[in-house]
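First the structure, in the form of structure tokens, and then the observations on it.
The values are calculated or read from the model by the stated rules, or taken from the named source; none is laboratory data. Keep in mind it's a predicted model, so treat the numbers as computed, not measured. Cβ atoms come from the backbone with ideal geometry, glycine included; neighbour counts cover every protein chain shown. We work out accessible area using only protein heavy atoms, side chains counted, and drop any ligands, DNA or RNA first. Shrake-Rupley method; radii C 1.70, N 1.55, O 1.52, S 1.80 Å.
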Amino acid sequence: MYRLEIAETVEKISNVTSQRTLVNRAIQTALERVYNFHDFPYYIQDKGCIKTTNDYSTGTVSITNGSTTVTGSGTSWTSAMVGRKIRFESQTAYYRISAVGSTISITLEQPFQGTTDTSATYVIFQDEYRLAPDVDKYKIIKQIENGIPLYSSPPTDFDESNPMPTAYGDPTLEVMEGTLLDTYSTGTITGVVNTSTLTGSGTSWTSVEGMGRMTKIKSGTSVLTVKSVDSDTQITVYETISTSIAASSTYEAIMNNLRVQVNPLPDAQKLLYYRYFRIPAPLTSDYDIPDMPHSWHWLLIYGALAMVLLQKGDVTKAQEIAEARFVSGMGDMKLKLGSFTPDRIYSRRSTDRMRSLRGRLDGLEEASYDRRFSS
């Protein structure tokens, strides 16, 4: 069913007119509730990839105790190093890079605590990586060259066993670090009304770690959802642009991806593949088809009806008829399509740590660090 068909059905049943925006939002909310109800297998993807980064230690640096400024000699630092970590000489302590001013100038997040040195050796490394923006929760991360899955550690165990990682090599351990509200705003964009394409100037979108499907792009009052990154200067979005984005407009790409930290510290570029549950595609136009099995689209009618009738003030019909059928239908779909229980946790949702009772149909899975599937 198209979103339009679902909306028209909801309007006929509820006798609600001239409220299409509300009805469309109710349909989108119903789709998200279906997704959050259970880890349905049709949302599993096996195409996630982390590209680890080589460490960098060319040249020497001048660093002063109590200062956040680092000056390089013979260095070629780039803006891609923002967010990475740096340590000096043989020190254990590391510092995060907050800005790269030039090929010979970087700024630290915290003041340097060591001894002033005008010709120190250093190493810049990256052990934290963003996952794809459509990842809701991931399962296994595997290193394809040695064929060994990375062991997943709880955060406390990881920090206790590796309070200050110093060893370099192929990663064998990983820990989920949650999200960090980063943004990317290099260059400017243009968006033409009634199209679904953003054109960039001075942008390098294909090289931005973690930018892709479901990344949010904000410019002025427009908030758009990335469908695909087509090139360094072109993005296709799900929405049809309704308000013109003038040439050379500023923008922000919201990089709130899930992140993982790996150990040992990567000292070469490696590919780490991972399996994950993806976030469903948004319904942004009348002829979008819900991202769920076709035979269960009728669920969205009852889910949207529950919200629309509640807004209308018809609480009894909203709760006892629409909502009851919606929840019951999701339980039936879980029994039909969700025959296994993926017990991976690491979810964006607040319910992922709740312990479920055997036989419950509410989609709340038992918390576990085991990445395998159980029956």
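With charges set only on the Cβ (+1 for Lys and Arg, -1 for Asp and Glu), what does the dipole of region 20-67 come to about its Cα centre, in debye to the nearest 20?
320 debye
Fraction of C-alpha pairs exceeding 20 angstrom in region 1-62: 58 percent, rounded to a whole number. When the helices of the chain are scored as -39500 (n - 2.57) per DSSP H run of n ≥ 4 and the total is divided over every residue, the value at 222 nm lands at -5500 deg cm²/dmol.
Here the accessible area is traced with a 1.4 Å probe on the protein chains. For region 232-297, carbon and sulfur cover 46 percent of it. For region 232-329, what is the convex hull (Cα atoms) projected area averaged across all directions, in square nanometres? Projected area, direction-averaged: 12.2 nm². Quick one: how many Å² of Val175 are accessible to a 1.4 Å probe, rounded to 10? Here the residue's solvent-accessible area equals roughly 10 Å². Can you send over the carbon and sulfur percentage of the accessible area for region 1-72, probe radius 1.4 Å, protein chains only? Carbon with sulfur: 44 percent of the solvent-accessible area.
What the Cβ-Cβ distance of Ser98 and Lys218 gives, at R0 = 25 Å and to the nearest 0.05, is a FRET efficiency of 0.70. Where a Cα-Cα gap under 19 Å defines reach, which lysines qualify for Lys334, not counting those fewer than 8 residues away within the same chain? Excluding near neighbours in sequence, the set is Lys137. Each Lys and Arg Cβ is given +1 and each Asp and Glu Cβ -1; about its Cα centre, the chain then shows a dipole of about 720 debye. Each label point was placed 7 Å from the Cα along the Cα-to-Cβ direction; for Gln110 and Lys312 their separation is 5.8 nm. Can you figure out the FRET efficiency of Ser76 with His294, using R₀ = 56 Å and their beta-carbon distance, to the nearest 0.05? In this case the efficiency is close to 0.55. The calculated Kirkwood hydrodynamic radius for region 268-308 is 13.4 Å, given to one decimal from all distinct C-alpha pairs. For region 27-91, the per residue solvent-accessible surface stands at 42 Å², with DNA, RNA and ligands left out and a 1.4 Å probe. Taking the inverse of the mean reciprocal distance over all distinct Cα pairs, the Kirkwood hydrodynamic radius of region 1-158 comes to 20.5 Å. Applying 0.36 nm per residue to the separation of Asn36 and Lys51 and subtracting their alpha-carbon distance, the gain on full extension is 2.5 nm. Expressed in Å, the radius of gyration and Dmax of the Cα atoms of region 45-138 are 15.0, 50. Rounded, prolate or oblate: which fits region 117-238, taking a ≥ b ≥ c as square roots of the Cα gyration tensor eigenvalues, rounded meaning a/c under 1.5, else prolate when a/b beats b/c? Prolate, since a/c reaches 1.5 and a/b exceeds b/c. The 1.4 Å probe gives accessible areas that order Trp205, Trp298, largest first, as Trp298, Trp205.
Within the set Lys85/Lys270; Lys12/Lys317; Lys47/Lys85; Lys51/Lys218, which residue pairs have Cα atoms separated by over 21 Å?
The answer is Lys47/Lys85; Lys51/Lys218.
When the Cα positions of Val16, Ala120, Pro165 are compared along the charge dipole of the chain, Val16 comes out farthest toward the positive end, with charges on each C-beta of Lys, Arg, Asp and Glu. Taking the 1.4 Å solvent-accessible surface of region 115-209 as the whole, the part contributed by carbon and sulfur is 53%. Of Gln91, Ser62, Tyr43, which is farthest along the charge dipole of region 40-104 in the positive direction, counting Lys and Arg as +1 and Asp and Glu as -1 at C-beta? Toward the positive end, the furthest listed residue is Tyr43. Extents of the chain, taken as max minus min of Cα coordinates on every principal axis and listed largest first, are 76, 53, 36 Å. In terms of its alpha-carbon gyration tensor, region 100-166 comes out prolate; a/c meets the 1.5 threshold, and the first ratio a/b outweighs b/c.
Can you give the charge dipole size of region 137-180 about its Cα centre, rounded to the nearest 20 debye, using +1 on the beta carbon of Lys and Arg and -1 on the beta carbon of Asp and Glu?
240 debye
The share of Cα pairs per 10 Å bin across region 61-102, counted from zero up to the longest distance, runs 25, 63, 12 percent.
Screening the chain for DSSP H helices whose Cα atoms reach 18 Å or more along their own axis and whose mean Kyte hydropathy is at least 1.0 gives 298-312.
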